Amino acid sequence: MVKAEPLTRAEALAADIESMIVERGLGAGDLIGTMEEFRDHSGYGRATISEAARLLNDRGSVEIRPGRGGGLFVAQPNPIVRLRHTLLTVRRMPTTVADAIAVREALEPLIATDAAQHRSRQDISDLRRHMTHLKRATTSTDRFMRANWALHERIAEISPNHLAKAVYLSMTRFITEMSEHADPDDSRKEDYLRLRLEVHAELVDAIIAGDVARTVAAVERHHAPS
């Protein structure tokens with residue numbers, strides 16, 4: 001059995017602070033404590049406390065406010081970014097996530113038509129496998145979105161345009177990494193996921209057929225409000 005690595009002092013302090021939030025019943029925006037208070041109570045140095053604060057901030061648990069009256073505050077609930085009829089919960093930088101979605105969608109016509117023109121037998125096999133995963137994920141919006149992103153990454157990998165491919169993949173992976181949860185913004189989850197499955201099935205079929213005009217039409221449908 002592999003033994004778990006012991007917590008560093010910063011990790012242990014971060015865990016204590018998270019427990020403190022729960023035990024005190026603190027809510028979003030409440031002050032947890034100042035850096036001086038954490039130093040006095042824990043006995044740790046400034047570097048350890050700063051590292052613990054950074055860990056908690058990266059997790060989205062706390063907000064660090066510098067200056068007079070500053071300290072560690074309970075973070076606000078994770079922001080929401082809209083993607084068509086889907087609401088993405090993101091850890092931080094919602095504006096940047098929205099920008100990444102816009103860049104990704106602007107590149108999709110180029111990426112998809114490249115795929116239609118350059119797909120290989122292996123690409124076709126992989127795309128069909130990804131579609132199978134997408135069909136199996138229709139019971140959960142969150143699972144469906146992640147299977148969807150994985151499918152689009154595989155489509156992008158076909159493109160011989162290295163710059164467009166690199167930008168597209170970096171945008172998709174950034175959105176994936178920053179998104180914690182996905183939910184429909186209305187009660188039509190089953191209808192919506194079934195429609196999106198049909199849209200992606202047509203896109204993949206067009207790429208496999210090598211039909212550029214059909215692929216362009218599929219991308220337009222993919223981007224159309226639903």
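The values are calculated or read from the model by the stated rules, or taken from the named source; none is laboratory data. Just so it is clear, the structure is predicted and the values come from calculations on it, not from any experiment. Every residue, glycine among them, receives a Cβ derived from its backbone with ideal geometry; neighbour counts consider all protein chains shown. These area figures cover heavy atoms from the full protein model, side chains too; ligands, DNA and RNA do not enter into them. Shrake-Rupley method; radii C 1.70, N 1.55, O 1.52, S 1.80 Å.
Using C-alpha pairs below 8 Å separated by at least 6 residues, the relative contact order for the stretch 29-108 is 25 percent. Ranking THR172, THR113, THR139, THR96 by solvent-accessible area of protein heavy atoms (1.4 Å probe, all protein chains present), from largest to smallest, gives THR139, THR96, THR113, THR172. Ordered by 1.4 Å accessible area with all protein chains kept, PHE174, PHE73 run largest first as PHE174, PHE73. Solvent-accessible surface of protein heavy atoms, probed at 1.4 angstrom with all chains present, puts LYS135, LYS189 in the order LYS135, LYS189, largest first.
Both the radius of gyration and Dmax for the stretch 123-226 are 13.7, 41 Å, in that order, over alpha-carbon atoms.
What FRET efficiency comes out for the pair ALA106/ALA213, r = Cβ-Cβ distance, R0 = 22 Å, nearest 0.05?
With R0 = 22 Å, the Cβ-Cβ based efficiency is 0.65.
One Cα centroid belongs to the stretch 35-80, the other to the stretch 174-226; the line between them spans 40 Å. The accessible area of ILE80, taken with all protein chains in place and a 1.4 Å probe, comes to roughly 100 Å².
Taking a Cβ cut-off of under 10 Å around PRO79, the surrounding Lys, Arg, Asp and Glu residues balance to a net charge of +2, with basic ones at +1 and acidic ones at -1. Screening the chain for DSSP H helices whose Cα atoms reach 18 Å or more along their own axis and whose mean Kyte hydropathy is at least -0.5 gives 9-24, 94-118, 162-178, 189-209.
Highest mean packing first, where packing is the average number of other Cβ atoms within 10 Å per residue, the peptides 141-154, 190-203, 121-134 line up as 141-154, 190-203, 121-134. One Cα centroid belongs to the stretch 81-103, the other to the stretch 5-19; the line between them spans 31 Å. Each Lys or Arg adds one and each Asp or Glu takes one away; over the other residues whose Cβ falls under 11 Å from the Cβ of THR34, this sums to 0.
In square nanometres and to one decimal, what's the mean projected area of the convex hull around the Cα atoms of the chain? Reported value for the Cα convex hull: 16.7 nm².
Each peptide among 18-27, 85-94, 209-218 gets the average number of other Cβ atoms lying within 10 Å of its residues, and from highest to lowest they stand as 85-94, 209-218, 18-27. If the chain between ARG188 and SER61 were fully stretched, how many nm would it gain, using 0.36 nm times the residue separation less the Cα-Cα distance? That pair, ARG188 and SER61, stretches by 42.6 nm at full extension.
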